[in-house]
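These notes are about the structure you will find just below.
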Amino acid sequence: TQLLEQSPQFLSIQEGENLTVYCNSSSVFSSLQWYRQEPGEGPVLLVTVVTGGEVKKLKRLTFQFGDARKDSSLHITAAQPGDTGLYLCAGARNDMRFGAGTRLTVKP
Amino acid sequence: NAGVTQTPKFRILKIGQSMTLQCTQDMNHNYMYWYRQDPGMGLKLIYYSVGAGITDKGEVPNGYNVSRSTTEDFPLRLELAAPSQTSVYFCASRPTGGAVYSPLHFGNGTRLTVT
């Protein structure tokens, strides 16, 4: 059983569309981290959310941490082909575990 | 500043062979991790360490062993390679201070094929 469930698993959209991906758990986390991974490389941190209800913006990306600190979402506005990649969430604990990821493809 | 360095980058093993994947970091991070990533999938935690001399199992430890004799090094050993261990292996580290905020720093991965 995955500690962190991510949905959808795959997402293919046209350039300019908006999208939201989700990261859910039955466990409470002190923080959640979102990473993006491109082919052949290791994941790179996008953001850390810490406070329940927190919203963080990174240009066209908006991250939200659920009030109960069990779930998080990532919203991308006006997606671009450069957003293509694998988006992973991880719960911040000693044993840093990841969700299975959402593979996003943005077509020009 | 090299960060997290993994060697080798690629390796092909025959079934039953053994090997050690090397990981070293020069950031004085206490926490270190080994993950495997199967094609098109997310990362699964194999083993982790919160400091020299301390190691713990992750989600998928069977078939692997680790040691942490120094802060810098965290090698991963495969004793009897099996085709199911064909994967990309990532080593990562993070500092202890401000643990809630501290990000993982990843190496570039080792692509292992067992035939």
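The values are calculated or read from the model by the stated rules, or taken from the named source; none is laboratory data. Everything numeric here is computed off the predicted structure, so don't read it as measured data. Every residue, glycine as well, gets a Cβ built from its backbone with ideal geometry; the counts of neighbours run over all protein chains shown. SASA here: full protein model, heavy atoms, side chains in, ligands and nucleic acids out. Shrake-Rupley method; radii C 1.70, N 1.55, O 1.52, S 1.80 Å.
Worth a mention:
- Members of segment B:76-107 found to be surrounded by fewer than 16 Cβ atoms within 10 Å (Cβ to Cβ) and within 13 Å of chain A (Cβ to nearest Cβ), listed by number: B:95, B:96, B:98, B:100, B:101
- Annotation: of all residues in segment B:1-23 being over 13 Å from the mean Cα position of the chain (by Cα) and within 12 Å of another protein chain (Cβ to nearest Cβ), the one that is farthest from residue A:35 (Cα to Cα) is B:10.
- Of A:71, A:67, all but one fail to be more than 9 Å from chain B (Cβ to nearest Cβ), more than 21 Å from residue B:105 (Cβ to Cβ), out of contact with any strand residue (DSSP E or B) (no Cβ under 8 Å at 6 or more places or on another chain) and open to solvent by 10 Å² or more (accessible area, probe 1.4 Å); the exception is A:67.
- Any chance residue A:31 is under 15 Å from residue A:99 (Cα atoms) and open to solvent by less than 50 Å² (accessible area, probe 1.4 Å): yes
- Restricting attention to segment A:59-75 and to residues that are at pLDDT 95 or above and among the aliphatic types (A, V, I, L, M), the residue that is nearest to the chain's Cα centre (by Cα) turns out to be A:74.
- Taken over segment A:82-107, the criterion of being under 14 Å from residue A:36 (Cβ atoms) and not aliphatic (A, V, I, L, M) is satisfied by A:82, A:83, A:84, A:85, A:87, A:89, A:98, A:99, A:101, A:102, A:103, A:105.
- Residues within segment B:27-75 that are of a type in the set (Val, Ile, Thr) and open to solvent by less than 20 Å² (accessible area, probe 1.4 Å), tallied: 1
- Residue match in segment A:83-99 (condition: in a strand (DSSP E or B), open to solvent by 10 Å² or more (accessible area, probe 1.4 Å), facing chain B (nearest Cβ under 10 Å) and modelled with pLDDT under 95): yes
- Selected residue [within 14 Å of chain A (Cβ to nearest Cβ) and over 30 Å from residue A:8 (Cβ atoms)] from B:56, B:38, B:26: B:56
- Looking at segment A:30-75, the strands (runs of 3 or more DSSP E) lying wholly inside it that each contain 3 or more residues that are of a type outside the set (A, V, I, L, M) sit at A:32-37, A:61-65.
- Sub-9 Å Cβ pairs linking a first residue in segment B:68-97 that is free of Cβ contacts under 8 Å to residues at least 60 places away in the same chain and under 20 Å from residue B:38 (Cβ atoms) to a second residue that is part of a loop (DSSP other than H, G, I, E, B) and of a type in the set (Val, Ile, Thr), at least 6 apart or interchain, are B:86/B:115, ordered by first then second residue.
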